[in-house]
Amino acid sequence: MNQRPSVLLVDDARDMLELLRRNMTAMGLTPFAANNVVDAIEVLGNSQVDLVITDLNMPGIGGLQLVKYLSQHHPGLPVLVITGYPDLNNAVEVMKLGALEYLVKPFTQEELRKAVENVLGARIVEAEAEDDVPEVFHGIIGRAPAMRELYRTIERTRNNRATVLITGESGTGKEMVARAIHYNSTWSAAPFIAVNCGAIPDQLLESELFGHVKGAFTGAITNRAGFFQAADGGTLFLDEIGNASPAVQAKLLRAIQDKRITMLGATKPQQVEVRLISASNNDLLAMVRQGTFREDLYYRLNVIHMQLPALRERTTDIPLLVDHFNKRFSKELGKAPLRFPPRIMDTITGYIWPGNVRELENMVHRLVIMKDRTVEMEDLPAHMKMQAPQPASTGALTTLAEVERQHIRRVLEATGGNKTKAAEVLGIDRKTLREKLKGEEGP
Ligand SMILES: Nc1ncnc2c1ncn2[C@@H]1O[C@H](COP(=O)(O)OP(=O)(O)OP(=O)(O)O)[C@@H](O)[C@H]1O
Ligand SMILES: [Mg+2]
């Protein structure tokens with residue numbers, strides 16, 4: 001798989017960093033993000049970076065010092081400087097130090113794109129020409145553009161330990177992606193340890209994560225390693241990170257910053273080398289804005305961000321997934337795969353899948369168990385048929401009343417003529433439904 005250029009973004013302003021991240025992804029680059037220079041230098045130390053975009057004015061060490069550092073330690077690495085305070089002296093100085101472009105805030109997306117193209121142009125064009133991305137990647141099914149982008153980003157994590165944050169609705173495959181990152185990496189032979197941060201009580205999480213020594217607390221009768229030690233050399237997957245309490249967030253931050261952990265009750269810290277992958281189906285950035293998730297930890301965990309698309313955003317992959325699960329489950333059950341006629345497949349593709357791939361997987365599993373040959377309309381769950389798109393019969397525009405009539409008919413059909421259920425689905429009371437049906441049954 002061809003690699004796309006990667007770009008390290010450095011800015012202390014949260015919104016600017018996210019804006020840059022979005023723009024870089026849209027341009028086909030893989031963004032790494034850091035909200036301060038110290039973290040940025042760490043990323044540079046362990047990842048291959050093709051371009052750096054940095055802010056100048058930041059608390060602590062400023063962008064100018066980063067540019068200086070880059071010219072000494074990474075000569076030839078293209079640097080694009082962004083600043084909110086245009087200052088000719090600064091501009092001259094950063095250019096002398098080797099920055100190739102200087103962009104003043106506020107800038108348009110177009111100006112940003114031009115500036116990036118100026119320093120990287122040829123390489124972007126190269127990356128766009130490739131199209132050899134597979135449609136199955138470590139068991140992940142999907143060839144929609146968002147999925148290909150995902151595989152490229154996973155490829156980018158192969159040889160470094162940059163932290164990864166995976167976000168996406170429930171059932172979109174976050175855990176699957178976390179495993180793919182691990183098994184695609186240089187450290188695939190080392191352990192992959194998954195921890196559900198929401199499932200462990202607060203008092204226990206610290207000893208679970210970092211381990212404890214004998215006598216650390218009542219009941220600690222032996223030394224016991226924590227998840228960090230168990231994952232040493234490999235990957236620690238922190239699932240549902242949004243549920244980590246403030247105390248645990250603070251401990252995690254310290255562990256990441258120091259790269260050392262201290263077992264509960266121990267006096268000496270120990271060194272561990274782990275890649276941290278976190279996942280969340282809440283909007284962590286919104287939690288940062290609300291003050292319920294630490295911003296410093298957010299950026300520490302989120303050097304690389306992978307946002308998984310909802311299934312309804314990649315409908316072209318739905319038949320692929322149906323086929324995959326159909327084959328898998330029928331093989332497990334020793335049956336021939338089911339047939340999904342086009343009309344059925346259309347209905348399945350038109351559904352909004354609030355539970356995403358997991359919901360689809362469960363439905364196909366159920367069908368393979370219940371059916372023997374061909375899937376029929378009546379085999380699909382009622383709520384799915386209600387959402388089926390209208391067949392564009394005549395293509396003519398209809399009145400609202402007509403749309404309502406058709407919709408009521410479909411809901412009734414789906415509920416097997418049960419008016420109480422239909423009224424409930426439609427969000428109206430039985431009496432109103434009866435009124436509406438009177439017109440329907442009229443001459
Ligand atoms: N792209 C995919 N290809 C094949 N199977 C998938 C894909 N995405 C998800 N699945 C399957 O769907 C199920 C849910 O995936 P997973 O557990 O990774 O989702 P999740 O995002 O972690 O969900 P949650 O937020 O509820 O924990 C699993 O059985 C997984 O194998
Ligand atoms: Mg999960």
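Rg of the Cα atoms in the range 272-366, relative to 2.2 N^0.38 Å, amounts to 1.51.
Please identify the GluC sites (Glu not before Pro) of the range 210-300 that satisfy two criteria: DSSP loop assignment and at most 14 other Cβ atoms within 10 Å. Which are they?
Glu273
Each Lys and Arg contributes +1 and each Asp and Glu -1, all at the Cβ; summed about the Cα centre of the range 312-389, the dipole is approximately 180 debye. Rolled with a 1.4 Å probe across the full set of protein chains, the surface gives Ile369 an accessible area near 90 Å².
With protein chains left intact and a 1.4 Å probe, residues in the range 312-389 average 54 Å² of accessible area per residue.
Given a 1.4 Å probe and the protein chains as shown, Glu376 ends up with an accessible area of around 90 Å². Only Cα pairs under 8 Å and 6+ residues apart enter the sum, and on that basis the relative contact order of the range 6-132 stands at 22 percent. Sorting 215-223, 416-424 by their mean Cβ neighbour count within 10 Å, with the most densely packed peptide first, gives 416-424, 215-223.
For Leu264, nonlocal amide neighbours, meaning residues 5 or more places apart or on other chains whose placed amide H falls under 5 Å from its own, are Gly211, His212, Val213. Put simply, the amide H of Asp50, placed in the peptide plane, has neighbours under 5 Å in Ser6, Val7, Leu8, leaving out anything fewer than 5 places away on its chain. Heavy-atom accessible surface of the range 6-132, averaged per residue, reaches 46 Å², computed with a 1.4 Å probe. Relative contact order for the range 147-309: 35 percent, from Cα pairs under 8 Å spaced at least 6 residues apart, divided by residue count. Once each part is reduced to its C-alpha centroid, what is the distance from the range 27-65 to the range 250-301 in angstrom? Result: 20 Å between the Cα centres.
Of the heavy-atom accessible surface of the range 312-389 (probe 1.4 angstrom), what whole percent is carbon and sulfur? Spell out each step's value before the answer.
On the way: 2250 of 4230 Å².
Of the solvent-accessible surface of the range 312-389, carbon and sulfur hold 53 percent.
Contact order, relative form, for the chain: 13 percent (alpha carbon pairs under 8 Å, 6 or more residues apart, mean separation divided by residue count). A convex hull fitted to the Cα coordinates of the range 312-389 yields 79 cubic angstrom per residue.
First obtain the Kirkwood hydrodynamic radius of the range 6-132 from its Cα pairs, then insert it into the Stokes-Einstein equation at 20 °C and 1.002 mPa s, and state the resulting D in µm² per second as a whole number. Rounded to a whole number, D works out at 147 µm²/s. Solvent exposure of Lys214, expressed as accessible area, is near 140 Å², computed with a probe of 1.4 Å over the protein chains only.
Checking the Cα-Cα distances for Lys174/Lys259; Lys174/Lys371; Lys214/Lys268 against a 22 Å cut-off, the pairs over it are Lys174/Lys259; Lys174/Lys371.
Kirkwood analysis of the Cα pair distances in the chain returns a hydrodynamic radius of 25.3 Å.
Given a 1.4 Å probe and every protein chain left where it sits, what share in percent of the accessible area of the range 147-309 is carbon and sulfur?
Numbers: 3290 of 6740 Å².
With neighbouring chains kept in place, the figure for the range 147-309 is 49 percent.
Largest to smallest in accessible area, the residues Phe325, Phe107 fall in the order Phe107, Phe325 (1.4 Å probe, all protein chains included).
The values are calculated or read from the model by the stated rules, or taken from the named source; none is laboratory data. No experiment lies behind these values; they were computed from the predicted model shown. Using ideal geometry, Cβ is built from the backbone for each residue, glycine included, and neighbour counts are taken over all protein chains shown. For the accessible areas, the whole protein counts, side chains as well, though only heavy atoms, and no ligand, DNA or RNA atoms are used. Shrake-Rupley method; radii C 1.70, N 1.55, O 1.52, S 1.80 Å.
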